[in-house]
Amino acid sequence: MMAISPIDTSLSFSQPSLHPILTIAYALPPPTDSCTPAASFALTFPDALFIDPDELGGKWPIAAEEDESGSDVWTWALEPSSVDIERPYLGNSTHHTLHIRLNPSANIKEQEVLEVPLHARYLTPSDQGERTLVFPGEDGSELAAGWVCAESLSDNEKALELPLVHPTPISLTLPTGKHAHQELVELVTPVVIWLGWAWIMWKLWGLTKRRTKVKTL
């Protein structure tokens, strides 16, 4: 059985926004002559946050060989792999887990950081106009992280059973609409939509009229 030692981590979020960045700082593993340490993470996010797979594909391109990737990330995978980036927050038990394996390195710094770009879903209105979430939290969000010997790794990142780690939870405040504004939004939204359609039809009518004039010349 491959030994996996937990990673000592600390977490932080960027300034509150609809596109927060989660920063994971982690410490150097115990030294050993028989193992090149590779850090692996499994992040299960609350439903209010999601990962854009296309964005990660550009940030962390997966290469056939570890030294071809051009980034610290060797490979990554989402479970489930399909993400509905348009749907609002449902407040249910739906979670996505991001599996990340970093390139093994014999020259790792005393402390390294990993930045994970996230996006906030549309949240239901509240009286305060904001909601606060906690990660890891009691909503099923969690972080598993472990040092693995690179010599023992396979290509199946999701097959690793990483130990749960318990860094100090961090909070993130996300903007929402306000209940007091809901009636106004419901009134104004269809008006704006109809005005938009009217503008498009007016432009199309003007274009058709000009083409008709050109044909008659």
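The values are calculated or read from the model by the stated rules, or taken from the named source; none is laboratory data. Predicted model only: the values in this text are computed from it and were never measured. Don't worry about glycine lacking a Cβ; one is built from the backbone with ideal geometry, like all the others, and counts go over all protein chains shown.
If I filter the range 37-59 down to residues being in contact (Cβ under 8 Å) with a residue 24 or more places away in the chain and part of a helix (DSSP H, G or I), which single residue comes out as nearest to Ile85 (Cα to Cα)?
Selected residue: Pro53.
Got a sec? Which of Ser141, Ser171, Ser126, Ser152 is at pLDDT below 70 and surrounded by 11 or more Cβ atoms within 10 Å (Cβ to Cβ)?
Unique residue meeting the criteria: Ser152.
May I ask you to verify whether Ser34 is part of a loop (DSSP other than H, G, I, E, B) and exposed (fewer than 15 other Cβ atoms within 10 Å of the Cβ)?
Judged against the criteria, Ser34 is a match.
Among the β-branched types (Val, Ile, Thr), touching a Pro at 6+ places or on another chain (Cβ under 9 Å), at pLDDT 80 or above and within 18 Å of Val113 (Cα to Cα): does that describe Ile24?
yes
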